[in-house]
1. Residue check: is THR302 surrounded by fewer than 18 Cβ atoms within 10 Å (Cβ to Cβ) and under 17 Å from the mean Cα position of the chain (by Cα)?
2. Quickly run through the range 32-51 and pick out the residues that are of a type outside the set (A, V, I, L, M) and assigned to a helix (DSSP H, G or I).
3. Has the range 197-209 got at least one residue that is at pLDDT below 90, in contact with an Asp or Glu (Cβ under 6 Å, 6 or more places away or on another chain) and crowded, with 19+ Cβ neighbours inside 10 Å?
4. Closer than 21 Å to LEU179 by Cβ and surrounded by fewer than 19 Cβ atoms within 10 Å (Cβ to Cβ): does that describe ALA88?
5. When both residues are 6+ apart or on different chains and their Cβ atoms are under 8 Å apart, which pairs have a first residue that lies in the range 312-330 and is of a type in the set (Phe, Trp, Tyr), and a second that is outside any helix (DSSP H, G or I) and crowded, with 24+ Cβ neighbours inside 10 Å?
6. Starting from residues that are within 19 Å of VAL268 (Cα to Cα) and surrounded by 15 or more Cβ atoms within 10 Å (Cβ to Cβ), keep the ones in the range 337-378 and report whichever is modelled with the lowest pLDDT.
7. Just to verify a result, which residue in the range 233-285, among those that are closer than 13 Å to ALA297 by Cβ and touching a residue at least 60 places away in the same chain (Cβ under 8 Å), is most open to solvent (accessible area, probe 1.4 Å)?
Amino acid sequence: MAQHTASIRRLLVSGLVDYLGAGLFLAFSAVYFTQLVGLTTAQVGLGMGAAGCVAMALATPLGRLADRVGVRRMLVALHLVRAGGTAAYALVGEFWGFLAAVSVVTVADQAIAALTQAFVAELAGEERRGRVMAAYRTIANIGISVGGPLGGLLTGASGRSAFQVTLLVNAGAYVLTALLVATIAQRGTTPSEVPARRSRALRDRRLLAFASIDTLLQLWLPVLNLGFPLWLIAEGHVPRAWIGPLYAINTVLGVALMVPSARFAASVRAARRCQVAGALALAAACLAFWAAWFPVAIVVLTVGEVAVVAAAWTLSYALAPAARRSEYLAAFGMGRSFGRYVLGPLLVTGLLQALGGLTWAVLSAVFCAAGLATLLPRDPGA
């Protein structure tokens, strides 16, 4: 038991190093690519969108490969690949170089998210997995919160060399993460004997049903990152200076509520109730945004966020057979990525342009529908 606890602590430390590097990069990446590399905003958006599509296409094959060669070994390799792609950003001088580098980094990023969840299943017993994932997400939020301001200090730098050095530091953080993961002791697990061909996950109707519901619930992220600031600015009755403090409320509440929320979603039945409650909270938050009750909306949105995230961990674990765990979790994660990074941005920005304030009524209805749909599929693992 002590060895398992030590392994989990080592994983949490690796997550802190990982997200310190990620926060550092996210804070200055837009300035670096547009003002120093010379890309247009449209080129950056196109490159990131194309990279996201490539990552989703490779998610399940990479998950199946991890089931064959071992999750820890695959995680180490992907962290090193991501380090190489991040270092390559320092050499980017035009769009095609950016597209290649961002594709490598995005493929690794999205695969790492699912495989980390699979690795937690190897390190922790079934009753502890949700709590460990909640602790890992909390550590990730802390890392981004610390790394972000450090990276933000660079945005006023005038020369490219300072950004390039920071990119190399960022890459070094991913190398250190790989080394930490490589030293984590496991519970004697061995790679599974998985057939070399044919994916079972993408033909599993229960998986597809729950993943589709999760896709809609993950719209909370584009609502927070796009819908909220765009609507606050368009509404005009609230100072733009509110945006920073309101984001801070979301971050602090997310850190404070994540671990407790995992306790309310510890079983499949509890997770389904938690998912319904989270969906209704997200729907209510949209109505609060429509009324321009921004502090209330942010608090309610954060409650919904932590509820649906915790529920998704428990449900995705229940759906995934042990021999194909990485494949199934990667397939489930495809829906999450599609909702957050493809469907969500297009839907939120498109609706705001076409409907204005009525956007929030539509989004509220979407979240309500997702909550009701949660009650329809039979239990995972049944």
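The values are calculated or read from the model by the stated rules, or taken from the named source; none is laboratory data. None of these values were measured; they are calculated from a predicted model. Here the Cβ positions follow ideal geometry from the backbone for every residue, glycine too, while neighbour counts run over all protein chains shown. For accessibility, only protein heavy atoms count, side chains too; no ligands or nucleic acids. Shrake-Rupley method; radii C 1.70, N 1.55, O 1.52, S 1.80 Å.
1. Here the answer is no, as THR302 does not meet what is asked.
2. Selection gives TYR32, PHE33, THR34, GLN35, THR41, GLN43, GLY45, GLY47, GLY49.
3. For the range 197-209, residues at pLDDT below 90, in contact with an Asp or Glu (Cβ under 6 Å, 6 or more places away or on another chain) and crowded, with 19+ Cβ neighbours inside 10 Å: present.
4. Yes.
5. TRP313/ALA265; TYR328/ALA320
6. This residue is PRO377.
7. Here the answer is ALA284.
Rundown of residues vs (1) within 18 Å of TYR328 (Cα to Cα); (2) in contact (Cβ under 8 Å) with a residue 24 or more places away in the chain, yes/no style:
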residue: GLN35; (1), (2): no, no
residue: VAL44; (1), (2): no, yes
residue: GLY49; (1), (2): no, yes
residue: CYS53; (1), (2): no, yes
residue: THR60; (1), (2): yes, yes
residue: ARG64; (1), (2): yes, yes
residue: ARG68; (1), (2): yes, yes
